[in-house]
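The values are calculated or read from the model by the stated rules, or taken from the named source; none is laboratory data. Because the structure is a prediction, the values reported are computed rather than measured. Cβ placement follows ideal geometry from the backbone for every residue including glycine, while neighbour counts extend to all protein chains displayed.
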Amino acid sequence: MNVLILGGGGREHTFCWKLSQSPLCNQMYVAPGNAGTASIAQNLAIDPMDFEAVKAWVKRANIELVVVGPEAPLVAGIHDYFKESSDMNHVTVIGPEKAAAQLEGSKEFAKKFMQRHNIPTAQYASFTAKTLSEGKAFLEKMQPPYVLKADGLAAGKGVLILDNLSHAQAELESMLLEEKFGSASNKVVIEEFLSGIELSAFVLTDGESALTLPMAKDYKRIGEGDKGLNTGGMGAISPVPFVTPEFEKKINERIIQPTITGLKKDGIPYQGFVFIGLIKVGDDPFVIEYNVRMGDPETEVVLPRVENDLMDLFLAVKSKNLHQKTIKEAQETACTVMAVSGGYPEAYEKGKIIQGLNKKSEAIVFHAGTQLKEKDILTNGGRVLSVTGRGNNMNDALKQSYQRLAEIDFEGMYFRQDIGFDL
Ligand code: AMP
Ligand code: GLY
């Protein structure tokens with residue numbers, strides 16, 4: 001079967017790496033891809049948001065499976081577009097339809113969904129420009145820190161956590177009246193602050209049953225000790241040492257199962273990955289957010305620990321036979337460390353030559369913002385590459401990543417030296 005992967009980051013390189021191991025996978029294409037995917041598949045100069053161009057290539061290359069990496073095409077309805085095209089509805093899209101993608105596309109939708117299905121999450125209320133004064137009054141009744149979330153997609157930047165009441169009120173006003181996060185903040189969800197340690201659960205579902213993939217923990221801040229600005233993710237570890245079988249049971253019973261049955265009860269079809277951002281408060285799991293895709297860089301540690309043929313799992317999603325499958329999780333620990341461009345997540349330069357990529361090593365170098373130009377591989381984004389190491393324990397896995405990173409260099413390269421510090 002011919003496959004098209006949409007996206008061009010480390011997550012998509014990892015999908016490509018994993019699917020290339022499957023005898024069920026024939027030709028593989030990635031749009032737009034990066035220098036890493038170019039070495040195992042054919043990159044296409046197609047924007048995943050240009051549905052017509054995607055469709056034209058799917059037709060031309062006889063593609064039967066489309067794996068959607070990022071959330072934007074899902075929220076914009078790429079799955080619906082394929083389903084509604086009479087000549088395309090034989091194509092399987094891994095990634096939910098627009099209605100279900102609202103779980104990530106609207107914080108308020110996600111909150112109402114959780115409330116309706118008794119899924120533990122922070123208490124909340126939502127406000128618009130019309131109800132700004134009620135929003136300010138609501139903040140007065142809350143305890144700091146104050147959590148303000150833009151309702152819509154804001155590229156991971158739409159959440160503010162503030163200690164000071166008047167500052168929080170001013171930010172609320174700026175989100176609602178001045179479109180601080182564009183139209184994403186036309187509505188703002190104000191939430192109770194939950195204190196605990198975060199982790200992520202990943203589920204693959206065909207809408208009927210769900211398979212839980214290995215859990216992971218990511219490191220979002222740019223600086224060591226989890227300080228500084230938020231990024232897309234600077235590293236990740238799987239498994240998560242504090243997830244005991246007992247805690248995992250709670251996640252499954254209180255969160256994963258009610259999420260899948262909730263979607264069914266609401267009549268919302270879902271085919272693809274659900275990424276559930278969790279926080280452990282005391283001994284109990286709460287949902288921080290839903291994403292309708294895999295995480296990045298979590299995918300870079302989750303998929304290397306999945307021993308199944310990923311194509312076989314995708315085909316089971318297509319035929320709604322996922323209940324017949326089980327995930328074979330490798331016992332090893334995987335960690336990944338992201339190397340980023342100097343200045344990221346603020347302004348940074350692109351086009352720097354990356355050295356040291358050819359050396360042989362047990363570690364896997366997943367490309368993110370890279371580009372092949374003649375014989376050179378150049379930086380082409382903020383997050384440049386993610387090095388995954390594996391071992392019998394976290395320290396061995398980290399050692400493998402850091403040893404490989406020491407051989408790689410580009411001008412301005414930065415990575416956190418403390419991934420896993422809190423575990
Ligand atoms: P989100 O985009 O919803 O994942 O939020 C971004 C980050 O903000 C999360 O990873 C958490 O670290 C933090 N966060 C979000 N909601 C809460 C909350 N209710 N309590 C504490 N921290 C939160
Ligand atoms: N690493 C977090 C995300 O993919 O949203």
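If only residues of the stretch 197-208 that are modelled with pLDDT of 95 or more and small (Gly, Ala, Ser) are counted, the one that is nearest to ligand 2 (Cβ to nearest atom) is Ser200.
Among the residues of the stretch 207-243, those identified as away from ligand 1 (no atom under 16 Å from the Cβ) and among the aliphatic types (A, V, I, L, M) are Ala210, Leu211, Leu213, Val243.
Looking only at the stretch 269-283, residues that are in contact with a Pro (Cβ under 7 Å, 6 or more places away or on another chain) and either in a loop (DSSP other than H, G, I, E, B) or surrounded by fewer than 22 Cβ atoms within 10 Å (Cβ to Cβ) (or both) come to 2 in all. Looking at the stretch 16-94, the helices (runs of 4 or more DSSP H) lying wholly inside it that each contain 1 or more residues that are at negative phi, hydroxyl-bearing (Ser, Thr, Tyr) and touching a strand residue (DSSP E or B) at 6+ places or on another chain (Cβ under 6 Å) sit at 35-38.
Of all the listed residues (Glu104, Glu12), the sole one being in contact with an Asp or Glu (Cβ under 6 Å, 6 or more places away or on another chain), part of a helix (DSSP H, G or I) and within 28 Å of Ala236 (Cβ to Cβ) is Glu104. When Ala316 is tested against (1) within 28 Å of Phe273 (Cβ to Cβ); (2) touching a strand residue (DSSP E or B) at 6+ places or on another chain (Cβ under 7 Å); (3) surrounded by 19 or more Cβ atoms within 10 Å (Cβ to Cβ), just one condition goes unmet, and that condition is (2).
Looking only at the stretch 232-251, residues that are more than 16 Å from ligand 2 (Cβ to nearest atom) and either closer than 18 Å to Ala368 by Cβ or touching a residue at least 60 places away in the same chain (Cβ under 8 Å) (or both) come to 3 in all. From the list Phe314, Phe366, the lone residue that is closer than 25 Å to Ala31 by Cβ, away from ligand 1 (no atom under 16 Å from the Cβ) and assigned to a helix (DSSP H, G or I) is Phe314. Of the candidates Leu278, Leu213, the single residue that is farther than 30 Å from Glu346 by Cβ, within 16 Å of ligand 2 (Cβ to nearest atom) and of a type in the set (A, V, I, L, M, F, W, C) is Leu213. Filtering the stretch 216-231 for residues that are over 27 Å from Gln123 (Cα atoms), within 16 Å of ligand 2 (Cβ to nearest atom) and in a helix (DSSP H, G or I) leaves an empty set.
Sort through Ser195, Ser166 and tell me the only one that's surrounded by fewer than 17 Cβ atoms within 10 Å (Cβ to Cβ) and either free of Cβ contacts under 8 Å to residues at least 40 places away in the same chain or touching a helix residue (DSSP H, G or I) at 6+ places or on another chain (Cβ under 8 Å) (or both).
After ruling out the rest, the residue left standing is Ser166.
Look at the stretch 401-416 and say how many of its residues are more than 24 Å from the chain's Cα centre (by Cα) and not aliphatic (A, V, I, L, M).
7
When each of Ser166, Ser185, Ser174, Ser195 is tested for being part of a loop (DSSP other than H, G, I, E, B) and more than 30 Å from Ser238 (Cα to Cα), the lone residue that passes is Ser185. The residue of the stretch 274-306 that is nearest to the chain's Cα centre (by Cα), among those that are closer than 19 Å to Ala236 by Cα and away from ligand 1 (no atom under 16 Å from the Cβ), is Thr299.
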